[in-house]
Amino acid sequence: MRSSNPVFSRRGFGRDNGYAGFNTAPQAGGPAVATQANPYAQPTGNPYAQNPYAQQQYGAPPQAPATTGRMTIDDVVMRTGTTLGVLIVTAALSWALLPVDDANISRSYGIGIGAALIGMVLALVQSFKRKPTPALILTYAAFEGVFLGVISNIVDNRIADGAAMQAVIGTMAVFAGVLVAYKAGWIRVNRRFYGFVMAAALGFVLLMAVNLLFAVFGGGDGLGFRSGALGVVFGVIGIILGACFLALDFKQVEDGIAYGAPREEAWLAAFGLTLTLVWIYLEFLRLISILNSD
């Protein structure tokens with residue numbers, strides 16, 4: 001299992017990624033074959049076939065497994081809670097210890113941007129590692145928390161009072177809404193869904209990159225994709241994309257548990273969910289800033 005975040009994922013749900021295929025079940029005595037229901041069945045079937053804890057056939061895990069080396073939903077919840085806890089603690093500390101008044105805002109902003117760059121590098125390193133490294137993931141969360149604390153403090157104190165809490169509530173609402181919709185079957189994560197989300201994400205990131213280049217070299221707000229009416233539209237699109245990433249993350253967690261992924265994979269689930277929640281929070285914070293700017 002790997003994060004479905006389009007920036008950091010190397011595997012995701014690609015056709016040849018070797019991950020759990022949708023409705024793919026290895027036949028008794030042989031590898032999985034393509035069927036009309038699933039023309040993309042992987043030759044290897046279960047990606048954890050070499051794992052002694054893996055199931056031999058797709059389906060719900062046994063109610064009373066004989067071993068404890070497989071990933072469970074409790075493992076995912078615990079690791080995600082730990083990762084988010086580190087992020088929240090460092091965000092609170094940076095909010096309290098890095099003031100954003102006129103005399104200190106430049107220094108605090110510089111520290112926040114530096115922390116964001118370090119966090120990005122750590123996230124890229126983890127995404128290219130074959131196995132999760134808990135210390136690396138938690139260190140990423142710590143630096144990301146420093147950045148979020150500084151940027152949230154700036155927006156909350158200088159642009160829109162209460163913006164940080166509004167962004168937190170909005171992020172929680174999106175998470176709860178997508179989880180309910182996913183569990184109820186209102187969101188069906190299949191290859192068509194994945195392809196649509198990845199294409200939309202690629203277009204979104206490219207437009208934001210072009211807008212940033214115009215802003216850096218041309219001054220002002222670039223092409224206006226992050227300000228005014230267009231900024232509101234793209235902010236909403238960013239939040240919707242984040243919600244779609246959550247659905248992909250939920251699907252990967254579900255498949256990992258069903259296929260008997262090793263327990264250490266729960267750290268990758270926590271990593272992917274944290275990346276997605278940070279994305280959604282930042283989009284909410286940006287949207288609130290635009291709506292409250294003069």
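Putting +1 on Lys and Arg Cβ atoms and -1 on Asp and Glu Cβ atoms, find which of Val174, Asn157, Gly195 reaches farthest to the positive end of the dipole of region 156-294. Checked the options; the winner is Gly195.
Taking Lys and Arg as +1 and Asp and Glu as -1, the other residues whose beta-carbon sits under 13 Å from that of Leu246 total -1.
Accessible surface of Val205, taken over heavy atoms with a 1.4 Å probe and every protein chain present, rounds to 70 Å².
With a simple spin-label model that places each label point 7 Å from the Cα along the Cα-to-Cβ direction, the separation between Val77 and Glu264 comes to 2.5 nm.
Mind checking the dipole of region 66-194: about its Cα centre, +1 per Lys or Arg Cβ, -1 per Asp or Glu Cβ, Debye to the nearest 20? Mind dumping the intermediate values first?
On the way: 11 positive and 7 negative charges, 189 e Å.
Dipole size: approximately 900 debye.
On a 1.4 Å probe surface of the protein chains, which of Phe143, Phe245 comes out largest in accessible area, and what is the full order? Display every interim value, and only then the final one.
Values: Phe143 70, Phe245 0 Å².
Descending order: Phe143, Phe245.
Protein heavy-atom surface of region 166-239, 1.4 angstrom probe: 75% of the accessible area is carbon and sulfur, with nucleic acids and ligands not counted. Leu213: accessible area at probe 1.4 Å, nearest 10 Å²? Roughly 100 Å² of Leu213 is accessible to a 1.4 Å probe. For Lys183, Lys129, the ranking by accessible surface with the largest value first comes to Lys183, Lys129, using a 1.4 Å probe.
Between Tyr109 and Ala173, how high is the FRET efficiency from 1/(1 + (r/R0)^6) when r is the Cβ-Cβ distance and R₀ = 35 Å? Nearest 0.05.
On the way: r = 29 Å, r/R0 = 0.82.
With a Förster radius of 35 Å, E is 0.75.
Counting other Cβ atoms within 10 Å of each Cβ, which GluC sites (Glu not before Pro) in region 204-294 have at most 15 and sit in a DSSP loop?
Values: sites: Glu254, Glu264, Glu265, Glu283; in loops: Glu264.
Counting only loop positions with at most 15 other Cβ atoms within 10 Å, the GluC sites (Glu not before Pro) in region 204-294 are Glu264.
Inter-part distance, region 97-130 to region 265-286, computed on C-alpha centroids, equals 16 Å.
The label-point distance for Arg192 and Asp101, in a model that sets each label 7 Å from Cα toward Cβ, rounds to 5.9 nm. Multiplying the residue separation of Lys129 and Val205 by 0.36 nm and subtracting their alpha-carbon distance yields 25.0 nm.
Accessible area per residue was computed with a 1.4 Å probe on protein heavy atoms; Ser106 scores about 100 Å².
Please say if region 119-244 is rounded, prolate or oblate, where rounded means a/c under 1.5 for a ≥ b ≥ c the square roots of the C-alpha gyration tensor eigenvalues, and otherwise the choice is prolate for a/b larger than b/c and oblate otherwise?
On the way: a/c = 1.30, a/b = 1.16, b/c = 1.12.
It is rounded, given that a/c, with a ≥ b ≥ c, falls under 1.5.
Let a ≥ b ≥ c be the square roots of the eigenvalues of the Cα gyration tensor of region 164-217; is it rounded (a/c under 1.5), or, if not, prolate (a/b larger than b/c) or oblate? In terms of gyration-tensor shape, oblate.
The values are calculated or read from the model by the stated rules, or taken from the named source; none is laboratory data. These numbers come from a predicted model, not from an experiment. Glycine gets a Cβ as well: all are built from the backbone with ideal geometry, and neighbour counts include every protein chain shown. For accessibility, only protein heavy atoms count, side chains too; no ligands or nucleic acids. Shrake-Rupley method; radii C 1.70, N 1.55, O 1.52, S 1.80 Å.
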